[in-house]
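Here is the structure we will look at.
The values are calculated or read from the model by the stated rules, or taken from the named source; none is laboratory data. Treat the numbers as computed from the prediction; the structure is a model and nothing was measured. Cβ coordinates were reconstructed from backbone atoms using ideal geometry, including for glycine residues, and neighbour counts include every protein chain displayed. These area figures cover heavy atoms from the full protein model, side chains too; ligands, DNA and RNA do not enter into them. Shrake-Rupley method; radii C 1.70, N 1.55, O 1.52, S 1.80 Å.
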Amino acid sequence: MASTNIYACESMTKTDTIKLRNRHIGKSCQLFYRSDPLKIIRGEGQYMFDEEGTRYLDCINNVAHVGHCHPKVVEAARAQIGLISTNNRFLHDELVKCAQKLTSKMPGDLSVCFFVNSGSEANDLALRLARYYTKQKDVITLDHAYHGHLTSVMEISPYKFNKPGGDPKPDFVHVASCPDTYRGRYNVKNCPDQDLCKLYTTEVDEIIKNIKSNGKGVAAFIAESLQSCGGQIIPPAGYFDSIYRSVREAGGVTIADEVQVGFGRVGTHYFAFETQHVIPDIVTVAKPMGNGHPVGAVVTTPKIAERFATSGVAYFNTYGGNPVSCAIANAVMDVIDEEKLQENALIVGQYLLENSLQLMKEFEMVGDVRGTGLFVGIELVKSKECRQAATAEANAIVDRMKNVHHILISSDGPDDNVLKLKPPMVFNIENAKEFLTAIRECLGQYQSTEKKSISAPQTNGVCNLPSNHKFTEKKEILVK
Ligand SMILES: Cc1ncc(COP(=O)(O)O)c(C=O)c1O
C-alpha cells in the first residue's frame, strides 16, 4: 500500500528501524512475526496501523484494554502530567481515589493497595507480603505459569525456568499440574468418568503434605485465575475453592494473578477469580489498568498489610502510585463503567465463543474451544482422536491471519498450539465476524473439513501445510 497516509512515519524506513534495533537493542528482546516484523505507528480502538497506513484488527492486546489511545485516557494523562508528577510521599487525590475505586471492585476484605509499575513488580511485592505474613518461603505455583521477569518471579514461573537455558527451579518452589482438562495431565480422555477437579487439587494437597513433612511451611499459592500462558485454561469448577482451603489450613496465603485477566475481561465478573467464587488474600493487577501506561497494584487485606508494616522497612517506589499513573488508571476504570465494557465483553465474547465452537464441528483440527468473555482459546490438534498438538499449523495460521487478513492473533500453551484471543474490550460483533470469516479461511487452507479428514486423520505428526508455506521463525513467547 502506498505511504500516503497522514500518519505515515516519514522519518525512518522500516529497514533502518530494524538495523538500529539490531545494533542497540538486546537480542533477547524478541519481536512478534520475526521474519517480517510489524512496525506499528499508531492505534485507535481495536485497530493498529503500520507505517504504510495498513490497518490491523488487534485480537491480542489485552493491555490496550479500553481501546488504543482512548481519548479520555489520553486526556487524563495529558492533564495530569501538565500539573504535577511526583512520588507518593506527597498527598494526592488521584492516588487515594484510585485505591478507593480499585478496592470498590474487589470483594471481601480486599481494601488496601500498594501501587507498582508492572505485573512483575506486583507479583514480587505479593510474595514479600506473603512471606512476611507467614514467615515461610515455600511457594506453590502451576505448571506453565508466567508471573513476570524479575528474578523473584522468574523463580515461580515454569513457563520460563522450564525452557532450555532457564535457571533451575529453586527447592522452595513447588509446581502443581496446570488444570487443563483437555490435554493436561488429567483430562477427559485419559481419565474418563473421574473427578478431574479432585485429581488436580489432590496434587496440591500432596505438595503441601510434602512441604510439611520436610519440616517447612507454605508461604503462598499463586495462580492466574485463568491461565493464559498455559493456553487459555479454564480450571474446573471448585478448583480454587478446594486449593484455597488447603493452603489456608496449612497457614499459607493465596495470591490471584489478575495481570492479564482482570478488569471485566471475563464478562461475567470484574475479576476472573470471582468466576470460581473465591476471595484471594492478595490480588495483583497491572497491564489493562493503565491501557498501555505502566501502572499496577497489589491489593490485600488490612491484616496482611498491617503485618507487613510491622517489619519497620518502609515500602517506597519512586513511580508506583504517581499522580499521572493514578489519573490514567482512574480514567480506565471510569471508561470500563461508562462504556459498559464488561457487558460488551460478555455479549461479544458469547457470540465469539458460540461461533468458534461451531468451528469444532467443521474442522477436525479444532480440538477444543474454550473461554469466557473476551478471553478465548482455540486449540488445534492433528485429529480429535489423537489430540496431538498441531503446533506448526497454529504458527502458520497466526502468520496467515496477519499477512492475508490483517488480523493479529497469537499462539500459546505448552505446545504452542492454542490460538489466543484477548482483544481490547471495545471489540464488537462486526470484529468477531471478521475474525470468524478469516479463521475459517485459514483453517480451510491447512486442513480439510471433518468429513474428509475423518477418513484420513492426521495422526502421523506430519504437518498438513502447502509445500511452499514459509514459516515465521519460531518465537519463544507471544503472550504479552
Ligand atoms: C499473568 C502475568 N503475570 C505477570 C506478568 C508480568 O507483567 P509485566 O510484564 O507487566 O511485568 C505477565 C506478563 O505478561 C503476565 O502475563
Wholly within the range 141-215, which helices (runs of 4 or more DSSP H) include no fewer than the required count, namely at least 2 residues that are away from the ligand (no atom under 16 Å from the Cβ)? 196-213
Residue ranges of strands (runs of 3 or more DSSP E) in the range 1-120 with at least 3 members open to solvent by 40 Å² or more (accessible area, probe 1.4 Å): 40-44
Do any strands (runs of 3 or more DSSP E) lying entirely in the range 274-385 carry at least 2 residues that are in the same structural domain as Tyr182 (by TED's automatic domain parsing) and on the phi < 0 side of the Ramachandran plot, and which ones are they? 282-285, 296-300
Return the pairs, sorted by first residue and then second, in which the second residue is away from the ligand (no atom under 16 Å from the Cβ) and part of a loop (DSSP other than H, G, I, E, B), the first residue lies in the range 253-274 and is open to solvent by less than 10 Å² (accessible area, probe 1.4 Å), the beta carbons are less than 6 Å apart, and the residues are 6+ apart or on different chains. Val253/Asp281; Thr254/Asp281; Gly264/Tyr270; Arg265/Gly373; Val266/Gly373; Gly267/Gly373
Given the options Lys198, Lys189, Lys160, Lys137, name the one that is basic (Lys, Arg) and open to solvent by less than 70 Å² (accessible area, probe 1.4 Å). Lys160
How many of the residues making up the range 252-264 are within 12 Å of the ligand (Cβ to nearest atom), part of a loop (DSSP other than H, G, I, E, B) and either farther than 29 Å from Gly43 by Cβ or not aliphatic (A, V, I, L, M) (or both)? 3
Just one of (1) under 21 Å from Asp281 (Cα atoms); (2) within 16 Å of the ligand (Cβ to nearest atom); (3) of a type outside the set (A, V, I, L, M) trips up Cys229, so point out which. (1)
Flagged in the range 115-140 as among the charged types (D, E, K, R) and more than 13 Å from the ligand (Cβ to nearest atom), in numbering order, are Arg128, Arg131, Lys135, Lys137, Asp138
